[in-house]
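Undergrad: Following this message is one structure expressed as structure tokens.
Please treat every number below as a calculation from the coordinates, not as lab data. Predicted model only: the values in this text are computed from it and were never measured. Every residue, glycine as well, gets a Cβ built from its backbone with ideal geometry; the counts of neighbours run over all protein chains shown.
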Amino acid sequence: MADDDIRTQEFVTPATSSSPVAETVADGIAPRDRTEGLVPDVPTPRDVSTAGLTADAPVVAPPRRGFREMLPRRSGKLIVGLVLTIGIGLFAIIAPFVTQDPWNYDNPVFEPPSAAHLLGTNNLGADLFAQLAEGAAGSLTVGLVAGAIAVVLSLFFGIVAGYVGGWTDEGLSLVTNVMLVIPGLPLVIVIASYMESRSMWIIAVVLGLTSWAGSAIVLRSQAKSLRSRDYVAASRVAGEKPMRIITVEILPNLLPLLAAQFLFAVVLAILAEAGLSYLGLGPSGAITWGTMLNQASQHNAFTIGAWWWFVPPGLMIALFGCGLSLINFSIDEIINPKLRTAPAAVKSVRKARKAQVRDEDTRPDPEADAPVDGDDTGGNAKEKERVNA
Amino acid sequence: MTALTTGPLTTPDHAESIAGLAPVLTARNVSIEYEVTPPVKAVKDVSLTLHRGEILGLAGESGCGKTTLAYGINQLLKPPALRTAGEIVFHDQDGTDIDVAALEGDALRAFRWDKISMVFQGAMNSLNPVISVRSQLFDVFTTHRPGMSNAEKLERSRELLQLVGVDPNRLDSFAHELSGGMRQRVMIAMALALNPQVMIMDEPTTALDVVVQRGILREIMRLREQFNFAVVFITHDLPLLLEISDRIAVMRHGEIVELNTSANIFAKPQHEYTRKLLASFPSLTGDRGSFVRSGESTEGNAL
Amino acid sequence: MSTLEVKNLIKDFRVRGSGAGKKFRAVDDVSFTLEPGRTIALVGESGSGKSTVARMISKLETPTSGEILIDGRKSATRGRALAEYRRNVQMVFQDPFASLNPFHTIAHHIERPLRLHGKAKGRTEIDAQVHQLLERVNLTPAPIVAARRPHELSGGQRQRVAIARALAPGARFLVADEPVSMLDVSIRLSVLNLLARLQREESLGVLYITHDLATARHFSDEIIVMFRGKIVERGPSDEVILNPQHDYTKLLLGAAPNPENHGRLREEVRRELASASATSGDAGAARDRFGTADL
């Protein structure tokens with residue numbers, strides 16, 4: 001029974017697919033409704049109940065165990081994104097403890113950057129580097145909280161609606177569509193302007209409550225599609241309850257998508273907060289990058305030439321947003337593995353071709369071709385033939 | 001079983017059976033690799049001769065390389081697939097020999113579809129969903145026969161549809177308005193449009209019901225009688241090949257393990273893999289034999 | 001007596017977009033009885049309704065009318081009675097790639113039914129039973145298979161896992177919906193043999209749904225032929241295959257590829273061309289009658 005031992009068998013391992021998690025095409029037949037199975041890329045996609053053939057060649061790359069294979073591939077994009085995001089995040093956490101007091105106005109005003117004040121001072125004499133650090137904490141907090149609220153809401157309105165269907169779906173979708181149609185930023189502006197005192201948390205909550213609709217729609221359509229998968233049906237037949245199916249069977253397969261939606265929401269929230277603050281509707285009494293920009297503009301930093309006031313916060317917003325987006329691109333590659341493999345595929349073929357040409361150049365001239373004798377097996381036909389076994 | 005053999009197994013009368021035939025396509029020592037890490041050899045040193053008017057079946061399971069080989073012959077390989085060795089020669093009926101592998105650009109475009117055409121796997125979904133059948137047929141002519149007038153194109157398109165058994169009035173239909181079988185027939189019509197000398201069909205009937213399949217096969221046979229093109233019929237359905245093809249090449253792991261006439265493959269298969277494949281198709285009307293219900297132990301673990 | 005009886009099942013689907021509620025009858029008055037140790041093959045082409053019958057039996061769809069009786073009693077659609085039904089009736093799906101959740105291990109897939117139906121409790125007991133089930137379907141060494149994820153197994157192995165999962169609750173009746181049609185040719189027999197062995201060992205009643213007449217004949221005791229939702233012929237397997245009564249059955253049998261008919265199609269085509277009559281003959285007439293002439 002040696003052959004039965006699963007360890008001695010060679011497996012065909014995961015190839016590309018355009019479903020949310022890299023499903024496989026192993027040996028055997030690629031199922032219907034599966035677009036673009038393996039390498040080779042069938043020029044005309046959309047396979048239908050065909051037997052056996054998109055899995056025409058085994059794809060290698062050793063199987064990565066479990067959760068790890070859901071993580072993004074290490075790449076330049078991802079590394080830059082992580083460096084930016086984690087760097088700024090650490091800055092936001094640690095810097096406020098090591099910098100000066102951002103509310104201390106005892107310093108000379110409008111000082112350019114110097115050893116004493118790394119980013120100079122503002123119109124009231126506050127150290128801007130300290131403000132930047134405080135602002136980082138502020139902006140990131142707003143972003144994360146708003147992002148979390150948005151994701152939780154979109155999860156509920158999206159996945160539950162998509163899976164349960166029927167009247168539940170109709171009702172939840174109605175709410176989603178209404179929220180989608182109402183323009184987000186104007187709504188936030190209206191709400192913010194009605195509030196007398198606006199703390200950072202309230203702003204975050206308001207932003208979260210108004211930005212989940214788009215994500216909910218995406219999640220709903222994904223849930224609807226996953227719902228008709230055989231493994232969900234199999235769970236139902238096995239006797240699973242709907243809530244467990246949603247949390248245990250469907251949700252894990254949506255994790256990359258959820259992560260991407262979350263990061264997206266955070267970026268949007270930070271930008272929205274900056275926008276609000278710039279309009280003077282931001283958190284009162286707190287420092288964020290947006291409030292810094294607002295104050296800089298109110299006190300004519302640009303005309304005075306005090307670039308050290310408005311450039312750093314703007315730059316931080318841009319860099320953080322960039323970092324998050326780069327991470328999102330890497331997550332996109334998980335969701336759609338073709339983005340990952342196609343460029344690499346072209347590169348490796350180019351390399352191989354070059355190697356081929358190099359080999360041909362260095363090989364001695366080939367002999368004259370063996371004569372074609374009309375027999376497929378070439379000159380050794382007689383040797384290979386088997387008389388009746 | 002000596003390890004000396006480096007080619008497909010066959011029987012002595014195979015050579016006799018192809019003795020008088022004129023070759024139309026010769027592939028020699030073709031190797032195709034997938035440039036992944038580590039590289040995968042999808043087709044290993046395959047040599048094959050297709051004769052004029054012949055139906056050659058290419059049988060094998062998934063992963064054996066038959067589709068890759070077909071794409072390689074037609075220069076349709078996409079990265080990371082790469083033909084690393086071998087030559088492919090097309091023997092035109094006007095007597096010239098064309099080195100297919102060396103064609104590129106305009107010459108390749110002129111060659112493709114005109115001399116060799118292909119019906120793809122999953123062809124039912126290969127029709128462009130947003131343009132009509134007429135436009136797609138016209139596209140073929142516009143690309144390859146720029147001199148044709150619209151009236152000529154129309155006439156030829158109607159003729160083609162009629163040839164494959166589709167009502168010419170369906171020329172303006174869209175793909176979704178046609179049944180699966182009809183779509184397949186349209187694909188065959190497109191492949192026939194320029195009167196190719198070789199048609200490569202990759203699982204053309206697999207996704208179709210058996211009754212529809214029989215109709216399509218009948219159509220292909222009839223067209224072949226009329227136009228005498230050669231067919232490379234790729235499928236895993238060995239009984240089908242045994243019924244309709246002249247010769248069969250059995251592929252496995254990128255190599256042709258056996259090559260013989262269908263009659264010989266059915267009556268005296270040489271390679272154990274061929275026997276195994278044959279055994280996987282229980283006879284419909286023959287003895288129930290030692291199959292399933294008596295609990296024979298063909299029940300091993302996975303491959 | 002232990003039986004799963006299907007009585008006068010009818011399933012209508014609403015057709016969208018064609019005016020006020022046009023209905024499409026997918027299953028039209030289907031009845032049969034599954035008994036322990038016997039296999040019934042439900043044979044038909046796409047659109048015949050056989051998969052809808054399977055889904056109704058596994059309670060993924062509700063019949064428009066008709067009943068499903070288990071052991072003589074009406075089967076439930078809710079609550080504990082439904083759980084009880086599910087313990088007895090399980091399904092193996094067609095697509096080995098889609099019927100397992102790519103995120104979870106094999107162990108998870110087999111564990112869930114064990115837990116849900118109280119077959120085992122506690123880590124050790126569950127693990128032991130999971131391994132046992134894997135061994136029964138010839139997936140060894142079981143602990144290693146259990147730790148793998150679906151994409152690390154081949155198609156045939158995944159289908160075996162699906163069978164193990166179906167057996168986990170201790171089912172007495174198994175609906176196998178085209179269990180091998182998506183597997184490589186050379187593994188099909190081994191999976192069917194496995195099903196046959198398990199049926200013998202567990203005295204299962206099996207409903208084998210397929211479009212392949214050859215395996216239907218060899219694998220089952222009785223064949224039921226469906227066409228457009230209706231049963232057109234039924235009987236002992238050998239009878240139906242070797243001595244078909246209904247024209248549609250004859251058409252199906254005639255259309256199946258048969259190596260013994262080598263060269264016959266070419267001859268027919270040559271004769272047709274010679275006599276220049278394209279669609280005459282019985283085959284053409286039969287095709288027309290069953291609406292497959294516009295293929």
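Undergrad: Please identify the GluC sites (Glu not before Pro) of the range B:27-117 that satisfy two criteria: DSSP loop assignment and at most 10 other Cβ atoms within 10 Å. Which are they?
TA: The qualifying sites are B:GLU104.
Undergrad: Quick one: check the C-alpha center-to-center distance for the range C:150-202 versus the range B:197-267, whole angstrom.
TA: If you average the Cα positions of each part, the centres end up 30 Å apart.
Undergrad: From the helices alone, meaning DSSP H stretches of at least four residues, give me the mean residue ellipticity at 222 nm for chain C, per-run term -39500 (n - 2.57), in deg cm²/dmol to the nearest 500.
TA: -12000 deg cm²/dmol
Undergrad: Cβ neighbours within 10 Å, averaged per peptide: list A:110-121, A:135-146, B:149-160 in order, most packed at the top.
TA: A:135-146, A:110-121, B:149-160
Undergrad: What residue among B:ALA279, B:ALA42, B:ALA59 has the largest mean-square fluctuation in a Gaussian network model of chain B, using Cα springs under 10 Å?
TA: B:ALA279
Undergrad: At 222 nm, what helix-only mean residue ellipticity would chain B give, in deg cm²/dmol to the nearest 500, using -39500 (n - 2.57) for each DSSP H run of four or more?
TA: -9500 deg cm²/dmol
Undergrad: Hey, another quick one. Expected output is a single nm value to one decimal: the length gained when fully extending between C:GLN129 and C:LEU60, i.e. 0.36 nm times separation in residues minus the C-alpha distance. What is it?
TA: That pair, C:GLN129 and C:LEU60, stretches by 22.1 nm at full extension.
Undergrad: Using a Förster distance of 51 Å, how high is the FRET efficiency between A:THR303 and A:ILE86, based on the Cβ-Cβ distance and rounded to 0.05?
TA: The calculated FRET efficiency here is 0.90.
Undergrad: Taking the range C:4-246, how many lysine pairs are there with alpha carbons less than 26 Å apart, if each pair must be eight or more places apart or span two chains?
TA: 26
Undergrad: I've got another one for you. Counting only other chains, what is the mean number of Cβ atoms within 10 angstrom of the Cβ of each residue in peptide A:196-207?
TA: 0
Undergrad: In addition: Residues of C:214-225, mean number of Cβ from any other protein chain within 10 Å of their own Cβ, rounded to a whole number?
TA: That average works out to 3.
Undergrad: Between the helical axis of B:150-163 and the dominant principal axis of chain B, each derived from Cα atoms, what acute angle in degrees is found, rounded to the nearest 10?
TA: Taking the Cα atoms of chain B, the angle to B:150-163 is about 30 degrees.
Undergrad: Could you tell me the calculated FRET efficiency between C:ARG25 and B:ILE131, based on Cβ-Cβ distance and R0 = 30 angstrom, to the nearest 0.05?
TA: 0.30
Undergrad: Taking 7 Å along the Cα-to-C-beta vector as the label spot, tell me the A:LYS241-C:GLU84 distance in nanometres, rounded to one decimal.
TA: 2.0
Undergrad: What residues have an amide H closer than 5 Å to that of B:ALA42, excluding those fewer than 5 places away on the same chain, when H is modeled at 1.01 Å from N in the peptide plane?
TA: HN-HN under 5 Å from B:ALA42: B:ILE32, B:GLU33, B:TYR34.
Undergrad: What's the exposure ranking of C:MET56, A:MET243, going from fewest to most Cβ atoms within 10 Å?
TA: Sorted ascending by nearby Cβ count, the order is A:MET243, C:MET56.
Undergrad: Ok, one more. Quick one: what are the phi-derived ³J(HN,Hα) couplings along the range A:223-235, Karplus 6.51/-1.76/1.60 with θ = phi - 60°, whole Hz, x for glycine and proline?
TA: Running phi through 6.51 cos²θ - 1.76 cosθ + 1.60 with θ = phi - 60° gives 4, 4, 5, 5, 4, 8, 6, 4, 6, 6, 4, 4, 5 Hz.
Undergrad: Per residue of B:269-281, count partner chain C-beta atoms within 10 Å of its C-beta, then hand back the mean as an integer.
TA: Rounded to a whole number, the mean comes out at 3.
Undergrad: Roughly how many whole Å is it from the C-alpha centroid of the range C:32-59 to that of the range A:130-145?
TA: 62
Undergrad: Ordered by packing density, taken as the mean number of other Cβ atoms within 10 Å over each peptide's residues, highest first, how do A:349-357, B:21-29, B:252-260 rank?
TA: Result, highest mean Cβ count within 10 Å first: B:252-260, B:21-29, A:349-357.
Undergrad: Going by how many other beta carbons lie within 10 Å of each one, how would you line up A:ASP332, C:ASP212, fewest first?
TA: Fewest-to-most Cβ neighbours within 10 Å comes out as A:ASP332, C:ASP212.
Undergrad: Fewest to most neighbouring Cβ within 10 Å: what's the order for B:ASP202, B:ASP106?
TA: With the fewest neighbours first, B:ASP202, B:ASP106 line up as B:ASP106, B:ASP202.
Undergrad: Return the distance in nm (one decimal) between the two label points of a simple spin-label model at A:TYR105 and A:SER284, each offset 7 Å from Cα along Cα→Cβ.
TA: 1.7
Undergrad: Here is a further query. Using only Cα atoms, find the angle between the long axis of helix B:210-227 and the longest principal axis of chain B, and express it within 0 to 90 degrees, rounded to the nearest 10.
TA: 70
Undergrad: Here's a follow-up. Once you put a point 7 Å from the Cα of B:ASP139 and another 7 Å from the Cα of A:ALA116, both along the Cβ direction, what distance in nm separates them?
TA: 7.3
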